[in-house]
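These notes concern the structure reproduced below.
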Amino acid sequence: MSGLIFNLFIFVLASFVGFELISKVPPTLHTPLMSGANAISGITILGALVVAGQVDHQIAQHIGFTAIVFATINVVGGFMVTDRMLEMFKKKDTTNE
């Protein structure tokens, strides 16, 4: 029970620190920050693959598989959003108009 409370404390503390950190980032740095978050999600995929491959317990394998699926969705969606944001900063070709 004390482990659960400690983990909950760490989660709440990380949420507050993350909110304060993200709110201080200027909008021009959101795209590089998102790219960094995508790289971290890539590391999550590798960790989930290692954990899911090493355990024999079926529930742990399901949790690892779920982590792989969600991290993959996060990486693909993050790269799509980053690509779309970078398209907004490109100069538009005005010769055709």
Query - Candidate set: the stretch 11-33, residues that are among the β-branched types (Val, Ile, Thr) and part of a helix (DSSP H, G or I); chosen: the one surrounded by the most Cβ atoms within 10 Å (Cβ to Cβ) - result: Thr31
Query raised in the report: What are the pairs, 6+ residues apart or on separate chains, where a residue within the stretch 24-37 that is more than 9 Å from Thr82 (Cβ to Cβ) has its Cβ under 7 Å from a residue that is modelled with pLDDT of 80 or more?
Result: Leu33/Val25; Ala37/Gly78
Query - Residue identified as open to solvent by 60 Å² or more (accessible area, probe 1.4 Å) and either of a type in the set (A, V, I, L, M) or at pLDDT 85 or above (or both) among Phe79, Phe89, Phe65 - result: Phe65
Query raised in the report: Inside the stretch 42-62, can you point out the residues that are free of Cβ contacts under 8 Å to residues at least 24 places away in the same chain and either open to solvent by less than 60 Å² (accessible area, probe 1.4 Å) or of a type in the set (Ser, Thr, Tyr) (or both)?
Result: Gly47, Ala48, Ala52, Val55, Ala60
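The values are calculated or read from the model by the stated rules, or taken from the named source; none is laboratory data. These numbers come from a predicted model, not from an experiment. Note that we place each Cβ from the backbone using ideal geometry, even for glycine, and neighbour counts take in every protein chain shown. When the accessible area is computed, the model is the full protein with side chains, heavy atoms only, and any ligands, DNA or RNA have been set aside. Shrake-Rupley method; radii C 1.70, N 1.55, O 1.52, S 1.80 Å.
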